[in-house]
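S.K.: For reference, the structure I am asking about is given below.
Derivation of every value follows stated rules applied to the coordinates shown; laboratory data play no part. Here the structure is a predicted model, which is why all the values come from computation and not from measurement. So basically every Cβ, Gly included, is an ideal-geometry build from the backbone, and we count neighbours across all protein chains shown.
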There are 2 protein chains.
Amino acid sequence: MRVLIVFAHPEPHSFGHALLDRGVETLRGQGHEVQVSDLYAMGFNPVASGADFTERRFPDALQYDREQKQASQKHTFAPDIQAELDKLLWCDQLILQFPLWWFSVPAILKGWIDRVFVNGTVYGAGGRRFDRGGLQGRRAMLAITTGCEARMMAPDGLLGERDVILWHLHHGVFGYVGLQVQAPFMAWNIQYTDAEARAAYLDAYAERLRTLADAPVLPMHRLDEFGPNWRLKPEVAPRTVGHRHVAIGQATGEGA
Amino acid sequence: MRVLIVFAHPEPHSFGHALLDRGVETLRGQGHEVQVSDLYAMGFNPVASGADFTERRFPDALQYDREQKQASQKHTFAPDIQAELDKLLWCDQLILQFPLWWFSVPAILKGWIDRVFVNGTVYGAGGRRFDRGGLQGRRAMLAITTGCEARMMAPDGLLGERDVILWHLHHGVFGYVGLQVQAPFMAWNIQYTDAEARAAYLDAYAERLRTLADAPVLPMHRLDEFGPNWRLKPEVAPRTVGHRHVAIGQATGEGA
C-alpha cells in the first residue's frame, strides 16, 4: 500500500507529532510505502492565487478552477502544487492528520486542499465527481486530535453529531473526488489527557493503521442514485446524515 | 449599526467583488458604519504560529490557545491579529463573504478565524461559549457565491442539506462564540450565470442588507439545555440539523 499522510500542526513537540511518528513507523513496519507532507515544516503556502499557474489561459481576471483545468492539460502548475499532486496521485491511501480547529482543518491544510485538489485531474473534466471522481478506487481517512471531550461530539452532545461536523470534509472533499471514506480516528481532549491516556491513543492509532483494510467505510450515494434534477430518486433510501427526502412543497433551504 | 465585512476572493474583477461593493454601498446608504477586511488585498497571513504572540508564556512548545489566553490578558498579540480583533469587537454585525470552496471558506478566511477568534476574548475564560460566548448580543451572516446549482444543495440534493454543509461555520464558529446566526445569503452558480441574473443577485443582496434586522435567525440550543454530561436534556426537543436524541445503547459515533 502507498500511503500519503498530510500533517498540519505548528508544534514539533506536540502529541500530534508523536501520533504522526507512530503512524509512519507502524505503516512502514507493515511493509507499506509512506510519504509525509508536514505542511508547517515545509512552510506550505495555503493561499490560492494566480501565481499557482506558470501560464494563464485568462490572464485578465482569475478564474481559479478554469486555470486548474488548463494546467491539468498542459502541466503548468506551480512546482509546489505539482509536487503535492504527484504524491496524491501516487497514493492508494490518503490520511489527513490535524488538530480540530473550529470544527475543521487548520488553514494551512485547507489551503492544501484548495490548491492541490485540482479541477481537471482530481475531479471535473466531464462530470467526474463522487463515485466517478478522479481519485476513485483510493481510500481516505481523517486522523484528528481534539480539545473537546468525546461525549460532546454526539447527536445529543453540545457540539453536535460527528458526521454532521465532518460532512464538509467527508462528503465535500473526500467523497466529492471519489475517495472511499473510512471512519475517522479521533484522539479526544488531548490537552487534558495524561501520559498514560496519550500512550493508549498512540497504541490505538497503531492498531487502527494495522487493520486499515477493515476500517468501517462511511456510506456515500452513487451519482446514479440521483435523477437528472440532482435529487435523490424517490426509491432511494437516504443513507447519510446530509441527505433526507423532502415532501413536495416542503422548504428545502434553497434560495435563502 | 456597525458592520464588519470580512471578504476573501483572489480576483478584484470578480462577481464576488461586485457583491462586496454593492453591500458596502447599500449599508452606508442606510447610515450604517462599515469596515471591510479584504483579506487577499491585505495579504493576510492565514497560518497560525508562535509568531502570533509578542511574548510567550510557554516558549518551549507552542500551545496555541493557551498563548491566546495570555495574549488576551496582556495585549500581546501580533499587530495584524490585534487590528482584526479590534474590528471584530467594534462591530454589531459580522458578514463573512466568500466563494464556497470545498463546502467551506477559502484557506485565507479559515486562517482569519483560526488567528482572530481568540481564546480568552472571543470565547473561553470560564466556559464562555455558545449563548455565553464572548460575542453574544452580536449577529453574523455568511454571504456565499457558489459554483453549484441551488437544487444540488438540498436535503435530497447531490451535495446534501445546506445547514449540514454549513454546520461547521454556523454552529462551530458563529454559534460557538455567541453570535446570533442569520440565514446565509446564497448567490448560486455564478460562473454559469448571465449578466441579468448577476444583476438580480446584486439587487437581492442589497434588499437582504436593507432588511437585515428581519433576516431569519437559525435555531441554536442554549447551554442550559444541556446537562452536566454535555448532552441535551431529555425534555429538550432538538431544533438543529446537528442534534437529535439517541436511544440508550445506540451508537453515537463516539470513540470511532
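S.K.: From (1) part of a loop (DSSP other than H, G, I, E, B); (2) buried (at least 23 other Cβ atoms within 10 Å of the Cβ), pick out the condition that doesn't hold for B:H170.
M.R.: Of everything listed in (1) part of a loop (DSSP other than H, G, I, E, B); (2) buried (at least 23 other Cβ atoms within 10 Å of the Cβ), B:H170 misses just condition (1).
S.K.: Something else now. One residue is enough: does the range B:42-63 have a residue meeting the conditions in contact with a His (Cβ under 6 Å, 6 or more places away or on another chain) and either acidic (D, E) or more than 27 Å from B:R162 (Cβ to Cβ) (or both)?
M.R.: The answer is yes; a qualifying residue exists.
S.K.: If only one of A:R128, A:R198 is surrounded by fewer than 21 Cβ atoms within 10 Å (Cβ to Cβ), touching a residue at least 24 places away in the same chain (Cβ under 8 Å), of a type in the set (K, R) and in a loop (DSSP other than H, G, I, E, B), which one is it?
M.R.: A:R128
S.K.: Still on this structure, I have one more. When you look at A:A187, is it within 29 Å of B:A247 (Cβ to Cβ), touching a helix residue (DSSP H, G or I) at 6+ places or on another chain (Cβ under 6 Å) and more than 8 Å from chain B (Cβ to nearest Cβ), yes or no?
M.R.: yes
S.K.: Given the conditions (1) in contact with a strand residue (DSSP E or B) (Cβ under 7 Å, 6 or more places away or on another chain); (2) in contact (Cβ under 8 Å) with a residue 40 or more places away in the chain, which single one is not true for B:A206?
M.R.: Going through the list (1) in contact with a strand residue (DSSP E or B) (Cβ under 7 Å, 6 or more places away or on another chain); (2) in contact (Cβ under 8 Å) with a residue 40 or more places away in the chain, B:A206 breaks only (1).
S.K.: Which residues, taken from the range B:17-45, are buried (at least 16 other Cβ atoms within 10 Å of the Cβ), more than 16 Å from B:R210 (Cβ to Cβ) and free of Cβ contacts under 8 Å to residues at least 40 places away in the same chain?
M.R.: B:H17, B:V36, B:D38
S.K.: Would you confirm whether or not the range B:2-14 contains a residue that is under 19 Å from B:D92 (Cβ atoms) and of a type in the set (F, W, Y)?
M.R.: yes
S.K.: Let me ask another. I'd like to verify a number: residues in the range B:83-94 that are of a type outside the set (A, V, I, L, M) and surrounded by fewer than 16 Cβ atoms within 10 Å (Cβ to Cβ), how many?
M.R.: Residues in the range B:83-94 being of a type outside the set (A, V, I, L, M) and surrounded by fewer than 16 Cβ atoms within 10 Å (Cβ to Cβ): 3 in total.
S.K.: Another question, then. With respect to A:A107, determine if the residue is surrounded by 23 or more Cβ atoms within 10 Å (Cβ to Cβ) and more than 25 Å from B:G111 (Cα to Cα).
M.R.: No: the conditions fail for A:A107.
S.K.: Moving on to the next point. Identify, from the list B:S104, B:S14, B:S37, the residue that is of a type in the set (G, A, S) and more than 21 Å from the chain's Cα centre (by Cα).
M.R.: Unique residue meeting the criteria: B:S14.
S.K.: So for the range A:133-146 (the condition being facing chain B (nearest Cβ under 9 Å), surrounded by fewer than 24 Cβ atoms within 10 Å (Cβ to Cβ) and not in a strand (DSSP E or B)), does at least one residue qualify?
M.R.: Among the residues of the range A:133-146, not one is facing chain B (nearest Cβ under 9 Å), surrounded by fewer than 24 Cβ atoms within 10 Å (Cβ to Cβ) and not in a strand (DSSP E or B), which makes the answer no.
S.K.: Right, next: Spot the failing condition for B:A71; the list is (1) assigned to a strand (DSSP E or B); (2) buried (at least 19 other Cβ atoms within 10 Å of the Cβ), and only one is missed.
M.R.: Only one criterion in (1) assigned to a strand (DSSP E or B); (2) buried (at least 19 other Cβ atoms within 10 Å of the Cβ) is unmet by B:A71, namely (1).
S.K.: Suppose we filter the range B:49-65 for residues that are assigned to a loop (DSSP other than H, G, I, E, B) and facing another protein chain (nearest Cβ under 9 Å); how many remain?
M.R.: Number satisfying all stated conditions: 5.
S.K.: Continuing with the same structure: Can you find a residue in the range B:216-229 that is in a loop (DSSP other than H, G, I, E, B), of a type in the set (K, R) and free of Cβ contacts under 8 Å to residues at least 40 places away in the same chain?
M.R.: Scanning the range B:216-229, I find no residue that is in a loop (DSSP other than H, G, I, E, B), of a type in the set (K, R) and free of Cβ contacts under 8 Å to residues at least 40 places away in the same chain, so the answer is no.
S.K.: If you take the residues in the range A:80-111 that are within 13 Å of A:D38 (Cβ to Cβ) and either not in a helix (DSSP H, G or I) or not aliphatic (A, V, I, L, M) (or both), which one is farthest from the other protein chains (Cβ to nearest Cβ)?
M.R.: A:K87
S.K.: Taking the condition within 14 Å of chain A (Cβ to nearest Cβ), in contact with a Ser or Thr (Cβ under 6 Å, 6 or more places away or on another chain) and either surrounded by 15 or more Cβ atoms within 10 Å (Cβ to Cβ) or assigned to a helix (DSSP H, G or I) (or both), does B:V6 pass?
M.R.: Yes: the conditions hold for B:V6.
S.K.: Just need a number here: residues in the range A:152-162 that are outside any loop (DSSP other than H, G, I, E, B) and either among the small types (G, A, S) or farther than 19 Å from A:P99 by Cβ (or both).
M.R.: Matching residues across the range A:152-162 total 1.
S.K.: A follow-up question, please. Quick one: count up the residues across the range A:70-103 that are touching a Phe, Trp or Tyr at 6+ places or on another chain (Cβ under 9 Å) and hydroxyl-bearing (S, T, Y).
M.R.: Going through the range A:70-103 one residue at a time, the tally reaches 1.
S.K.: Among the residues of the range B:203-252, what is the count of those that are within 18 Å of B:L169 (Cα to Cα), surrounded by fewer than 13 Cβ atoms within 10 Å (Cβ to Cβ) and facing another protein chain (nearest Cβ under 9 Å)?
M.R.: The number of residues fulfilling the criteria is 1.
S.K.: Hey, does the range A:24-34 have a residue that's touching a Pro at 6+ places or on another chain (Cβ under 7 Å) and either among the aliphatic types (A, V, I, L, M) or part of a helix (DSSP H, G or I) (or both)?
M.R.: The answer is no; no qualifying residue exists.
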